[in-house]
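J.: Here it is: the structure, laid out below.
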Amino acid sequence: MKWYHKALIGLSSVVVLSSMSHAEHIWAGLYAKGTKMTAQSLISREYLSDMMDAIEAEWRKGFYLVDLEQGRRTWMGVFAKGTGYTAQSYLHSSNWKKFVKGIEKKKAQGYDLIDLEYGDAEWVGIFAKGTGYKDQVYVVEREWKVFRETIRSYWKKGYALTEIEAGGGQWVGIFAKGTGYKDQSFASLDEWSSMRRVIRERWENSYQITKLEYGEGRWFALFAKGPLWSEEAYSSTYGWERFRATLKKYWKSDFDIIGIASGWND
């Protein structure tokens, strides 16, 4: 396990590290400086049951889970202190209907759904109190074309998209008010190389990435107008060991990990 205490440095540059080959599985990392996080840890496990045990162990140390990702027989969790969360919980199920009932129970207990992951045919939800969110809702669509219009319709209602996950033949979006996100936009593309070009273009227009995901054969990037943090970077690396080494390099450069995605470089 790697954890650290960091010093914030105000910069406004962009760092991009990419190392991959065609048609390879890749791990993508999203990093930022100027977040509110004061320490981070990183845990990986092969099985979900072991990952759940690891999550509870990190909770006992005062770390909250900020992102969960599954890919290539690996579950990875990014944890942090200084998140503002006051409590956290999780649930998982291979049955979507049962999972939805669990979401409603957590909502009734005052939790917001902050992260959603589909892996090994299991839906996993990470919940927290103290997010500041208001009126959180979720939407499920079977087709991407319908889902993207649903996103735009919720933006018109004053909601921000906070989480997206694709799996089991469906797209799931989590929306809320009171998030602090402004002027959101998104891009969804089949090829990672095309997504990299879009990211560069959005950065040039004062957008920052808030979420990277892969599912149903598509890369998805969510953007918001900055500055959300003082500096942002991403990496794309094939091979788990190389990716873990990349994460450590960004930590040493005083970046926080704000998101991880696992997908294919088609």
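The values are calculated or read from the model by the stated rules, or taken from the named source; none is laboratory data. Just so it is clear, the structure is predicted and the values come from calculations on it, not from any experiment. Here Cβ is always computed from backbone atoms with ideal geometry, including for glycine, and neighbour counts include all displayed protein chains.
J.: So Ala166 fits all but one of (1) touching a Gly at 6+ places or on another chain (Cβ under 6 Å); (2) under 20 Å from Tyr31 (Cβ atoms); what number is the exception?
T.: For Ala166, the failing item is (2).
J.: Tally the residues that are in a loop (DSSP other than H, G, I, E, B) and at pLDDT 95 or above, restricting the search to segment 216-266.
T.: 5
J.: Are any residues in segment 1-23 surrounded by 14 or more Cβ atoms within 10 Å (Cβ to Cβ) and either touching an Asp or Glu at 6+ places or on another chain (Cβ under 8 Å) or at pLDDT 50 or above (or both), and if so, which ones?
T.: Once the filter is applied, which keeps residues that are surrounded by 14 or more Cβ atoms within 10 Å (Cβ to Cβ) and either touching an Asp or Glu at 6+ places or on another chain (Cβ under 8 Å) or at pLDDT 50 or above (or both), segment 1-23 yields Lys6, Leu8, Val15.
J.: Also, quick follow-up: Could you list, in sequence order, all residues of segment 158-174 that are among the polar types (S, T, N, Q) and farther than 11 Å from Gly215 by Cα?
T.: Thr162 - this is the single residue of segment 158-174 that is among the polar types (S, T, N, Q) and farther than 11 Å from Gly215 by Cα.
J.: So which residues in segment 236-266 are within 23 Å of Glu165 (Cα to Cα) and aromatic (Phe, Trp, Tyr)?
T.: Across segment 236-266, the qualifying residues are Tyr238, Trp240, Phe243, Trp264.
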